[in-house]
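Each remark here refers to the structure printed beneath this line.
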Amino acid sequence: MNPDLIFFPVLIQVLLTLFVFIRLGQVKEQAVKRGEVDQTRRALHDDAWPDYVLKVNNNIRNQFETPVLFYVLVIGLWSLGAATVTAQLLALAYALLRLAHASVHLGSNIVKVRKRIFQASIVALLLLSGLLLLALGGIPV
């Protein structure tokens, strides 16, 4: 399998991040038009915005937490020639779990469901970390 395919899940994560940014702009514009924003506080204070804006804002912040680790792991695996089918499948699992997490967060926002999805994505990152550790040690993955 082509080792460069490990970047397909990265593209999924990047597109998810861009989608959430677009959504944030939409809900902020909607809140302003409805007069739901404290204009004197909006630039620096989250509490100036209604909850439905904060939900999207919180999700965009999530896109710059564990995904940063994901990017580093993928680049590390690829650069060491360890972007195997296993690594690619784990990377894809992580990206799909991030899509699921964002879907719940931006939708029903059921914390119990979000937590389980988040935990599964962390397991995928841990396994990718293990593969990178093996590759750094010269052990074929």
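Each value in this text was obtained by applying a stated rule to the coordinates, not by laboratory testing. Everything quoted here is computed from the prediction, not taken from an experiment. As a convention, Cβ positions derive from the backbone with ideal geometry for all residues, glycine included, and neighbour counts pool all protein chains shown.
Backbone geometry of the stretch 2-17 corresponds, through the Karplus equation with coefficients 6.51, -1.76 and 1.60 at θ = phi - 60°, to 3J(HN,Hα) couplings of 5, x, 5, 5, 5, 7, 4, x, 4, 4, 4, 5, 4, 5, 4, 4 Hz, x marking Gly and Pro. Projecting the Cα atoms of VAL56, PHE8, GLY81 onto the charge dipole of the stretch 3-136 (Cβ charges, centred on the Cα centre) puts VAL56 farthest toward the positive pole.
With q set to 0.10, 0.21, 0.22 Å⁻¹, the log10 of I(q)/I(0) for the stretch 3-136, from the Debye formula over equal scatterers at the Cα positions, is -0.39, -1.13, -1.20. Here LYS33 is the anchor, and the lysines within straight C-alpha reach of less than 30 Å, apart from those fewer than 8 places off in the same chain, are LYS55. Couplings 3J(HN,Hα) of the stretch 76-83, computed from phi: x, 4, 5, 5, 8, x, 10, 7 Hz, in residue order, whole Hz [Karplus 6.51 cos²θ - 1.76 cosθ + 1.60, θ = phi - 60°; x for Gly and Pro].
Shown for THR86, THR40: other C-beta atoms within 10 Å of each C-beta, ranked fewest to most, produce the order THR40, THR86. Neighbour counts of other Cβ atoms within 10 Å put PHE64, PHE118, PHE8 in the fewest-to-most order PHE64, PHE8, PHE118. Every helix of 4 or more DSSP H residues in the chain counts as -39500 (n - 2.57), and over all residues that averages to -24500 deg cm²/dmol at 222 nm.
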